[in-house]
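Structure first, then comments.
The values are calculated or read from the model by the stated rules, or taken from the named source; none is laboratory data. Remember, predicted model here, so these are calculated numbers, not experimental data. No Cβ is skipped: glycine too gets one built from the backbone with ideal geometry, and neighbour counts run over all protein chains shown. Just so you know, the surface numbers come from the protein's heavy atoms only, side chains and all, with ligands and any DNA or RNA stripped out. Shrake-Rupley method; radii C 1.70, N 1.55, O 1.52, S 1.80 Å.
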Amino acid sequence: MDKPKRPFIKSKRSFRRRLPPIGSGDRIDYRNMSLISRFISEQGKILSRRVNRLTLKQQRLITIAIKQARILSLLPFLNNEKQFERTESTTRTTSFRTKNKY
């Protein structure tokens, strides 16, 4: 009933390091809209650090830049461009009841 012991072999997967989303030449500033817009969701929310793959310092600077751009009206606080498309128009029919006066 003894199980044969096999040595633990660690699989060697080759993984490619992703390039950082902010290059060394990019300046994090509220005026750099092309950079800032990459870190905002479609709803206008600031994306998390894990999603952005930023360092803590970079995430803080991005957050401050986004908030400054919002205050100066360069960015909207909310992006409410959701368009609800109805395939069938649903009209409410209200039945008017007439009282019988008999």
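Selection of the range 31-47 for residues being more than 8 Å from the chain's Cα centre (by Cα) and among the polar types (S, T, N, Q) yields N32, S34, S37.
Taking the conditions exactly as written (over 23 Å from N80 (Cα atoms) and either among the polar types (S, T, N, Q) or open to solvent by less than 50 Å² (accessible area, probe 1.4 Å) (or both)), does I22 satisfy them or not? Judged against the criteria, I22 is a match. Evaluation of A65 against the conditions (1) open to solvent by less than 100 Å² (accessible area, probe 1.4 Å); (2) modelled with pLDDT under 90; (3) touching an Asp or Glu at 6+ places or on another chain (Cβ under 9 Å); (4) of a type outside the set (F, W, Y) shows that the sole unmet condition is (2). Entry remark, the range 32-75: residues being more than 21 Å from R18 (Cα to Cα) and assigned to a loop (DSSP other than H, G, I, E, B) number 9 in total.
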